[in-house]
Structures are given as structure tokens and as C-alpha cells.
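I have placed the structure first, in the form of C-alpha cells, so that the comments after it can refer back to it.
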Amino acid sequence: MRLWGGRFEGQPNEHMERFNASIGFDWRLYEADIEGSAAYAEALADAGLLTTDERDAIQRGLGQILEEFEQGRFDLRLSDEDIHTAVERRLHELIGPVAGKLHTGRSRNDQVATDLRIYARMAIRRLDEALVELQRALIAQAERYRDALMPGYTHLQRAQPVPVAHWLLAHFWPLQRDRERLQDCRRRLNLLPLGAGALAGNALGINRELLARTLGFDGVTPNSMDAVSDRDFVAELLFCGALIGVHLSRLAEDLIIYSTAEFGFVRLSDAYSTGSSLMPQKRNPDSMELTRGKAGRLIGHLLGLLTVLKGLPSTYNKDLQEDKEPLFDTIDTLLLMLPVVSGAIASLTIDTARTQAALDDAMLATDIADELVRLGVPFREAHHQVGALVKAAEQRGVALRALPPELVRDVHPALAERWAGLFDARRSVEQRRVTGATAAAALQAQLEAARACLE
Ligand code: ARG
């Protein structure tokens, strides 16, 4: 059944029909579509355009269609074109010609914009839950490895010692920002487009404010032409998704390199590793490699949609039908990735003997320079002098602490007295007491702040 057959002769071309149809993917909007239509029937009755009997018949029919979808009994047809047509076609079969009153004053343009916003709200809720689960796993592991130290890296070169918990929590905060971004996106998208009609608004006195309340929107869109063409919320959601992908990918990359034999810091559990078909000894971090790989497709979806949107003339154009597949795939992909990453984090073990053994004296060079600063040496000079000591140790092939004492005394007599006590990674970590740093008290405060985000 075509909704627009009146002025057409003959059948659409078969290729065109398949090309035009979105039912193959937008059937997933059935719940939002039915919810929107039930509320619309209410608004039509409220405006005196449906009798209460007609409204009840429509709403009962819609309830039945929802059941058919949920039980997998709904008969999808290519000729239905899209979900909006499919629901109306079925309603007609179930309740007869009164079904034809449901679309009064409504267009698929304001309808699809409404459905998609309802879907996006649901998706944001589920993403938030999945992000929280991962945040919990990171906190639990940070608590478990609170006392362990590891090398912190810049440029992937050993830099300064840090608590393992500090590294784990460094992956917590990006996810917190992702959650905030999603809520911000939700706040902006939660305005009702329904009542915008095809583009110029509803002529039959529909109460949009009532509709908005019924459907859980915070208000109504202020311009009908904008309302039917605005897909900013999809682009924003795809950006949020792409950035979540980037964050997960960076976490995955850490775990991939830290689980190599060369690092040996992390062991992923068997449940999140796979073997090689050829090399019996292999244990591959496929879960993390796929996580890293899927970030690419999430970024691609964002770029794809922005490209679709950029040249569109005002209001609805069929190009906009291209918004759905990237959106659905972004949400599906993230809802697949997030539980895997959460599970991999929750079940990994850290070899704290190896992380501790990877700390070397040179990583305390900054602390030695800081010590000289405390003795009144300008930092630039201290940096230079400690650099010379590092070089001397390298040339002799010894650790810093094993340098001949007279070399240290030449730099500063008081430094030589303190020398032996400086080669303690724990001491280094405890020097950094400012908010957000590595000392035990600062780390404790950070853990508490992180936990508070999940309350
Ligand atoms: N399937 C369409 C879409 O997803 C629904 C809106 C169709 N509107 C129209 N004027 N043909 O965009």
C-alpha cells in the first residue's frame, strides 16, 4: 500500500522500489512509531478530529500491532516502503477505514523526526548504562591495585612512576565526559517535532504542548521548517559515539602493548583472548584489537552523515533517510563493544612484580632536580646538572644510585647526603600531593570523586 498513490499511474519500477524502501532497517523504529501514533490519536481526539470511539479503536489496533512486532509476528513487506507506512497499512487491515484518520495533519516528515528522537533518547539511556558498567570495572581494578606502582610513559618512553590505579582511572574520566556529552545531547534533542507537518505546520489545531508532555518531551520545536530537516541530534550522537570509540580504542591500545611479552604488565583473561590457528602458543588480545578497529567505523559514520547533510536545501529531502543506518550501527556497535571492554577490564590481572621491576633510577631524575630546587638551585640549572649525572651513569653503564659519590658532591654537597634516599619510587609518587596527582591521599580523593560520579 502506497500512502501517496493517488496521482500516480502504474507500478513503481522494481529497482526503484527497493532503492526507495527503508523498511529493511527502519522497522526498528516500530516502538517509537507506535508510541507517537497513539499519542497523536489522543491529540486528534482532543482537537475534535476523532470521536472517542475512533480514538479507542486506533489505539487498540496500535496496541495489537506492537504485540505483533514484539512476538516477531509482524509481516514486513517491501511494498510497505517504511515503518510508518507498514504500521498504517496494518492498522487499516485491523480496524478498517477509520485507520485513515490517524494521519490527519501529519506528515511522515514530522513523524520520522519524532520517531528518531524517541529512539535516540532510548539509545542514550542504554549507552549510559553500558558506560557506567565499564567505569565500575575500572574503579574496582583501581582499588584492587591501589598499592602497585608502574612506569608512566610519555612518547611511549619511561617517564615517571605512577600508581597502577592512577593509570586505570585515567581511562575513567574520558568516559565520564562521554556520559556528560550524551546528557547534553539528550537535553537538546528532547523537543517534539510532531505538529510541524510536512514543513509548514499543522492546520487542524493539534495541541503540540499536550503531545510533548504525553511523549516525554521537554517542549516543542520552534520552527516547523527546521523541525523536519534538523538532524543535528543524530550528528551529535554520532560524534559522541565516535569519541567513545576513540576512548575505548586508546584503552585497548594500552592493554594490547602492556600484554605483550616485552611489557608483561597485563594479562587479559582467557574469556577475552583468542588463539592462533597455526601457532599453538599464541594468546591474542582480539577483544582489544576489535575494539580499536571498530572505532574506525564509528568515526566513518559521523563523517558519512555530515557529508549527507552538508548540501541539502531547506526542509525535508529524501537524503535524510540516510541518517538511520549509521545511527543504528553506531548504537549497536557500541552496545556490543562496551560489555566486552567492561568484561575484559573486570577480569584482567596485573603483574605488579613486573610493573615494579620496570621502574628504573632514571625515572627519578625529575625528583633529583626537584631536590636541587629545594636546595635553592634554579630549576633550569638543576635540570642541566641532573642531565649530566644521567649521562655520566649511562657512560659508566651503571644505575644513577651507583654513581661515584664525588660526582654528586660536585653538583651540590647536600645532594650527596640525601642521594641514597632519593631512589625510591614510592617517595617520588608521594611528592605529588596536588589534586589529580599521584600521592596516596590525592589518589584516594580521586577514587572518591570517581565513585561519586556513579551515584
Ligand atoms: N523513510 C523516510 C525517511 O526515513 C520517512 C520520511 C519520508 N518522507 C517523505 N516525504 N517521503 O526519511
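The values are calculated or read from the model by the stated rules, or taken from the named source; none is laboratory data. All figures in this text were calculated on a predicted structure; none of them were measured in a lab. Neighbour counts run over all protein chains shown; Cβ positions are idealised from the backbone, glycine included. Ligands, DNA and RNA are stripped out before the accessible areas are found, and what is left, the full protein with its side chains, is counted by its heavy atoms. Shrake-Rupley method; radii C 1.70, N 1.55, O 1.52, S 1.80 Å.
The table for this structure:
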{"read-out": "Among the candidates ASN13, ASN20, residue that is within 27 Å of LYS318 (Cβ to Cβ) and more than 16 Å from the ligand (Cβ to nearest atom)", "value": "ASN13"}
{"read-out": "Positions within the range 402-455 being under 49 Å from the mean Cα position of the chain (by Cα) and of a type in the set (Lys, Arg), in sequence order", "value": "ARG418, ARG426, ARG427, ARG432, ARG433, ARG451"}
{"read-out": "Which listed residue is more than 16 Å from the ligand (Cβ to nearest atom), surrounded by fewer than 20 Cβ atoms within 10 Å (Cβ to Cβ) and closer than 30 Å to ILE244 by Cβ, from GLU129, GLU93", "value": "GLU129"}
{"read-out": "From GLY304, GLY300, GLY296, GLY245, residue being under 21 Å from ILE124 (Cα atoms), modelled with pLDDT of 95 or more and open to solvent by less than 30 Å² (accessible area, probe 1.4 Å)", "value": "GLY245"}
{"read-out": "Residue within the range 152-169 that is more than 20 Å from ARG354 (Cβ to Cβ) and crowded, with 19+ Cβ neighbours inside 10 Å present", "value": "yes"}
{"read-out": "Contacts under 8 angstrom Cβ, first residue in the range 308-322 being in contact (Cβ under 8 Å) with a residue 12 or more places away in the chain and β-branched (Val, Ile, Thr), partner more than 10 Å from the ligand (Cβ to nearest atom) and open to solvent by 60 Å² or more (accessible area, probe 1.4 Å), 6 or more apart", "value": "THR315/MET225"}
{"read-out": "Cβ pairs under 6 Å, 6+ apart, first in the range 62-88 and more than 11 Å from ILE34 (Cα to Cα) and away from the ligand (no atom under 16 Å from the Cβ), second in a loop (DSSP other than H, G, I, E, B) and open to solvent by 20 Å² or more (accessible area, probe 1.4 Å)", "value": "GLU68/PHE74"}
{"read-out": "Any hit, the range 222-238, residues being over 26 Å from the mean Cα position of the chain (by Cα) and not in a helix (DSSP H, G or I)", "value": "yes"}
{"read-out": "Wholly enclosed helices (runs of 4 or more DSSP H) of the range 350-408 bearing at least 2 residues farther than 29 Å from ALA142 by Cβ", "value": "365-374, 379-396"}
{"read-out": "Tally of residues being among the aliphatic types (A, V, I, L, M) and open to solvent by 40 Å² or more (accessible area, probe 1.4 Å) across the range 396-455", "value": "11"}
{"read-out": "When residues of the range 23-36 are limited to those that are acidic (Asp, Glu) and more than 12 Å from the ligand (Cβ to nearest atom), the one least open to solvent (accessible area, probe 1.4 Å)", "value": "GLU35"}
